[in-house]
Each structure stands twice: as C-alpha cells, then as structure tokens.
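Data block below; observations after.
No lab work stands behind these numbers, since they all come straight from the coordinates. Bear in mind that the values here come from a model prediction, so they are computed numbers and not experimental data. Cβ coordinates were reconstructed from backbone atoms using ideal geometry, including for glycine residues, and neighbour counts include every protein chain displayed.
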Amino acid sequence: MSEQIPVLNLKEQYQQFQSQLEEAVLNVLRSGRYILGDNGVRLEGQIAALSGCRHGIGVANGTDALNLALWALDIEAGDEVITTPFTFAATVEAIAFRRAKPVFVDIDPVTYNIDASLIEKAITPRTKAIMPVHLFGLPADMDTILALADKYSLKVIEDNAQAIGATYRNRPTGSLSHLACISFYPTKNLGACGDAGMVVTNDDALAERLRVLRAHGMRKRYYHDELGVNSRLDEVQAVILLSKLPYLAKWNARRREVAELYDKALVGCPNIVPPKVSFSDREHVWHQYTIRVKDGAAQSSNGSASRHAREIVMDKLAKQGVGSMCYYPVPLHTQTAFKEYGYRQGDFPIAEAVASQVLSLPMYPELTEAQVNQVAITLKEVVQDGAGFAPHKLTPSPSLAN
Ligand SMILES: *Cc1c(COP(=O)(O)O)cnc(C)c1O
C-alpha cells in the first residue's frame, strides 16, 4: 500500500520547530509571568501590523473574538446581522449570543463566500451589521459589502479566522472592516498549541472597549465599570505564535503552490469541480483546498443511492490512505441550534447544494509535489466510472450549473 497522506499533519510542522518552540515555552514557564505579559503585547502589535491595523486585542479563542466584537459594537436584541449560512457555527453563535437575529444570504457558487449581490435585498431598518467570512482563505467581495455598509450606515465585522495573510485589492484581510476576528486554533494557517484568538481594528475607541470587555469590565484593577468576561490570550500561546509568525508568509505561499499543483494534477478528473485558483483582485491563502463531488457520482456500487457521492468518495480515499474532510456538511440555516430563526431547507439553494458536495483534500505547506500527485491520482481512480461506481448518471443539482 502506498504512503498515508493525512488531511492535516500538525506534528510535521512541530518537528521543524521543535527546539525553538520548546525553548521559547520553557522561557515563559521559568519567567513566572503567564497571562497578559510582554509576549502577548508583542503578538498583538505584530498581528495588528500584519492585518493593516493599529490595534490587536488578544483573546482566548476565535469564537470569543467574534462574541466580543459584536458586543463592543453594542449589537443587541432586536438587531439583525447579515451573514452567510455556509461557515463554521461560531460566526452565527456570536450573533445569537447577543440575542440578535442572524439574517442569512445565499453564497456564490464559485467562491463559496456570501453572494454580495444579494445582500441589499436582505437589509431592513433593523440591520446593524454585515459579517462576511473569508471562507477557506479566500477574501469575500468586500467592495460591494463596504459600499452597502456605507449607504445604510452598517458596521462590518470580518470573520478572518481562515484567511490571515490574504489580501483584497492589495489590502490585508482584517483591515477591510470596523473589526476583524482571527482564530489561532491549531489547524488554522497560523496555529497555536491550544486556543487563542484576536480582534484587530483601526478604531481607538473600539480597541479600548474590547480591552475592558475581555478583562471583566475593568479599566482599573478591581473597579468594574461594566459587565465583562475573562477572555485572555496566555503567554505560552503568545510565544508559540510569535515563534511561528515569521514563517506565515512562506507557508501561505507554499499553500498557493500546493493549490496550483492540485489544479494541474486534477485536470480531466471526472465528476468533480475543483476550486477556482486564480483571482485578479485578491490573494487566496488556501486554508482549505475544497472540491465538489458531483451528485451524479452518487450511485454507489450496490445500487443504494441514499448516500452522497461525497461520503462514498471519502470512504474510498480513506481506504487508499488519503485523508479528506467535509467542511461543512450542514448549512447553518438548517441546523437545530438555529431553528428559532424560522429558516427552512430550500431557503438558500446554493449553500445547500454546495454543502452536500464539498470535500476538502489534504492541504498544508509541508505537502510535497509527489504527495499532491498521489492524492490526485487516487481521487481520479475513485471518482471515475468502473472503479467501484456504477456508471454515473449526471443529475446536476438544479442550482449548480456544473
Ligand atoms: C475556526 C473558526 C472560528 C472559531 O475559532 P476558534 O478559535 O476555534 O474559537 C470562527 N469562524 C470560522 C470561520 C472559523 O473557521
């Protein structure tokens, strides 16, 4: 059997840095200063600079970054926040925790980001903010979003959990809105060895408010001006992130190369739709390389058509030693947790069709060209007719042309 290629390989990255990271962490352990120390402050400065912002506010994780961002903007009950149904749940949890209403807008079938041309129709007098997500590392259509925000006096919060280092019209993601939220979850393009997150902004007052909210509402110690929470980025995670940060640009460039290698290797692969790899106005950082497996390939060998082609392909890839993952199988408007908002299956046909077809292939900077080719060859074998699939009948989903 050929080499195993996992969907993700964090150990391999760690081994490149092992002595450097372990020494840095040991220094923190020996320093006696574990929370809100110099490393955290340095990290805030460096991430803010990378994001084209004056301020960075370290928090406990990316979800808290989103929660605190909406809180700092005084989003509250009765407000509406426009976002995408095709993202990780944390984006929408943040809106729901404020008792505001998430208002979903369908996605673009090519970029998988919110379809900015549909946003204006969703704006009402209660709309307070738009929350685009730069999904899989690709910046959303920010010009259209910012023009609408201007026209209707709305706030914009970027969920930049997956696109640190990406650019849109030569400006870094994170600098394109009032507040942007970053996650340093271990699997992200810049990952900690635990949880960590950050909010970045160019707004002095919002930065000050966020610093207060993340620390129990205190400006002065033990004087609580308002309700707050405990959400801090600790020194161990900060020093790990500081040690890795100088490599981020190189890693993102390598992810781009890997995406191009996949693109070449998958030419002629039947039954899949590879992602678009080149954009004239934005730079993708390939948090994920996500293909779609067409519904037509769904006929399983034993004739039961009840499973998605995607699940069959995942199983077969796994048997050949190739990892894959589905981000995200269920769009958020159809999740039980968000049922109170009254959405139904059928409301966002593109998001629903995409969610039923997407499959993310192994993507990390350490992948070699030989490994990419092995993934592509295995995938071709798995999806083509005669390799365990009954001859496929292409039944294009009504909403997705290809
Ligand atoms: C990872 C992620 C988050 C949450 O970040 P955590 O650090 O895991 O809390 C939020 N939004 C998106 C789009 C993400 O990918």
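At a glance:
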{"read-out": "The chain: C-alpha gyration tensor shape, a/c 1.5 cut-off, then a/b vs b/c", "value": "oblate"}
{"read-out": "Region 1-135: relative contact order as a whole-number percent, Cα under 8 Å and 6+ apart", "value": "19 percent"}
{"read-out": "Estimated 222 nm signal from helices in the chain, with DSSP H stretches of n ≥ 4 weighted -39500 (n - 2.57), rounded to 500", "value": "-11000 deg cm²/dmol"}
{"read-out": "Calculated FRET efficiency for the pair S31/Y223, C-beta based, R₀ 35 Å, to 0.05", "value": "0.80"}
{"read-out": "Cα shape, region 9-62, gyration tensor, a/c 1.5 rule", "value": "oblate"}
{"read-out": "Anisotropy class of region 225-373 from Cα gyration tensor, a/c 1.5 cut", "value": "oblate"}
{"read-out": "Filtered chymotrypsin sites (Phe, Trp or Tyr not before Pro), region 204-268: DSSP coil and at most 13 other beta carbons within 10 Å", "value": "Y222"}
{"read-out": "Region 124-202, relative contact order [Cα under 8 Å, separation at least 6], %", "value": "25 percent"}
{"read-out": "Contact order relative to length of region 207-291, as percent, for alpha carbon pairs under 8 angstrom and 6 or more apart", "value": "19 percent"}
{"read-out": "For M218, M363, order by how many other beta-carbon atoms lie within 10 Å, fewest first", "value": "M218, M363"}
{"read-out": "Euclidean distance of C-alpha centroids, region 317-347 and region 60-137, integer Å", "value": "17 Å"}
{"read-out": "Least to most buried among F17, F104, F348, F338 (fewest other Cβ within 10 Å first)", "value": "F17, F338, F104, F348"}
{"read-out": "C269, C181 arranged by Cβ crowding within 10 Å, fewest neighbours leading", "value": "C269, C181"}
{"read-out": "Exposure rule at most 10 other beta-carbon atoms within 10 Å, DSSP loop trypsin sites (Lys or Arg not before Pro): the chain longest free segment", "value": "1-220"}
